Structure formats: C-alpha cells, structure tokens
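Trainee: Here it is, the structure, as structure tokens.
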Amino acid sequence: MKLFDLNGKVAVVTGGASGIGAATARLFEECGARVAVLDLRDGFDVTDEDAVRKEFLALENRHGGIDFLVNNAGRAARKPALELSREEWQDVVDLNLTAVFTCSRSALPHFRKRGGGAIVNLASIMGFSGGIFPNASYQATKGAVVNLTRALALEWAADDVRVNAVAPTFVRTGLTVPIFTNPELEQRVMQHTPLGRLPEPEEIAAAIVYLCTPAARCITGITLPVDSGFLAR
C-alpha cells in the first residue's frame, strides 16, 4: 500500500481560493489528486444545498466521482455577544455549521458509488476552548463541528466513509487580519502559544491531506489539533 499516494482521486475543497483552503488544494494536487475548489470568490455559495448537489453531480460526470470533501469555508463575527446581531450570528452558523452538514450529506451518495471516501471538517481550537477574544458565534459553531464530526463518523462508518476534523490555532490568513495587524492582540496570542511559533496554512493543509490518505485509513471521528501547544495549557 502506498500510504500517501492520491493518484486518481478527486477532492473537493470549499473555501479553497485562499488561505488554508488554497494551501490544501495545492497539496492535494502535489499528491496526485484532481481538485475542485468551491469558493464565494468564484461565485459559488456552499450554503446553497441545491447548488452543491448539482456541482457534485457535475464533478461526478466530469471526473467519475468524488473521493474527498474538505469543509473549509468559514467566517467569524469577532465581537462581544451583546453587540452581535441575530443576522450576524445566523450568517456564521449557516456557513460554519449548516453548510458543513449539507455539503457532507450531499457528498455521501458519491462516496458510496466509489466504495468509500473521506471528509475533513475545519474545526478550531475554539471548538475546545472559550478562546481569548469575544467570538461567541464562531466558538459555538466550531464546538458543534467537533461533535458533528463524531456523529457522522459513526453513522457512515459502515459505508467506509471516514469523517475527521482538524482544529487549527490562530493562522495568518484573511480571517485573522484584525488580530495580526494589532501588536497588542498578536502578543496576547503568542502568550498562549507554548512552541513560540504559529502554523502556516501549508502545515494545516498537511494535517488535512494526511487524514485523507491511506495512511489514515483507520482514523475516523477525531479532531486533530494543529495548535502549537495552545490546548495543552
């Protein structure tokens, strides 16, 4: 068995136009997989379940199937709970949680046709922690993703569909610009980073792609932190 060979496989990455998603798409390609990126920057809204189903069917017709789904698309509304509008809350829930659920179940029939598959959801250290900045909607959805990952892993194990998640710490992407352009906030993050360095998007991508390879064929239902020691405290 070639433990890290993904030749002939087809991967779908949501939110794959930048940051962690883009790094993941590149690494899949380096490992031999064909990659489809679904991103709002290209006019694709992954919260539209009908559109997702149609796109997955088109991918099957074009490439013969789908083997991997990375639910990476996400957003945050980083503000105190009392200042968070109901609309802002719902926008985060719709993308960070509901779209993970609907994209995953839309992919399942395609995995079954291939005899199995793998899903990797983007959770966060905020799914295990109350965090260090006000971000209630993000923290709530990422905690839910952790348990949704477990639930789907158990439900779909009989179909040989593995469902895992990766929980990054703070990573320098478009989502964290407000933190890393503020020296005081950046210093606070580093105070909670025992290794003294933060992962790059490519290092999160490495964990995601690993969970899709044959090397991880007995791993399902877990959330793998890539957090520079944040959760060890």
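The values are calculated or read from the model by the stated rules, or taken from the named source; none is laboratory data. The shown structure was predicted, so the numbers you read here are calculated from the model rather than taken from an experiment. Cβ atoms come from the backbone with ideal geometry, glycine included; neighbour counts cover every protein chain shown.
Trainee: Please go through region 128-137 and give me each residue that is in contact (Cβ under 8 Å) with a residue 60 or more places away in the chain and under 21 Å from Ala232 (Cα atoms), ordered by number.
Mentor: Phe128, Ser129, Ile132
Trainee: Right, another one. Restricting attention to region 87-106, does a residue exist that is farther than 16 Å from Thr14 by Cβ, among the basic types (Lys, Arg) and more than 13 Å from the chain's Cα centre (by Cα)?
Mentor: Checked region 87-106: no residue is farther than 16 Å from Thr14 by Cβ, among the basic types (Lys, Arg) and more than 13 Å from the chain's Cα centre (by Cα).
Trainee: Residues Glu55, Glu87, Glu60: which one is in a helix (DSSP H, G or I), surrounded by fewer than 20 Cβ atoms within 10 Å (Cβ to Cβ) and in contact with a strand residue (DSSP E or B) (Cβ under 7 Å, 6 or more places away or on another chain)?
Mentor: Glu55
Trainee: Could you please find all residues in region 4-26 being more than 16 Å from Phe56 (Cα to Cα), among the hydroxyl-bearing types (Ser, Thr, Tyr) and in contact with a strand residue (DSSP E or B) (Cβ under 6 Å, 6 or more places away or on another chain)?
Mentor: Thr24
Trainee: Being crowded, with 19+ Cβ neighbours inside 10 Å, at negative phi, touching a Cys at 6+ places or on another chain (Cβ under 8 Å) and among the aliphatic types (A, V, I, L, M): is that true of Ala99 here?
Mentor: Taking the combined requirement at face value, the residue does not satisfy it.
Trainee: Right, another one. Please work out if Ala136 is closer than 30 Å to Gly229 by Cα and within 18 Å of the chain's Cα centre (by Cα).
Mentor: No: the conditions fail for Ala136.
Trainee: Let me ask you something else. Is there a residue being out of contact with any Pro (no Cβ under 6 Å at 6 or more places or on another chain), in a helix (DSSP H, G or I), within 24 Å of Arg233 (Cβ to Cβ) and β-branched (Val, Ile, Thr) anywhere in region 95-118?
Mentor: No, that holds for no residue.
Trainee: Taking region 28-59, which residues are among the acidic types (Asp, Glu) and without any contact (Cβ under 8 Å) to a residue 24 or more places away in the chain?
Mentor: Residues satisfying the conditions are Glu29, Glu30, Asp45, Asp48, Asp50, Glu55.
Trainee: Select, from Val46, Val37, the only residue that is outside any loop (DSSP other than H, G, I, E, B) and at pLDDT 95 or above.
Mentor: Only one candidate qualifies: Val37.
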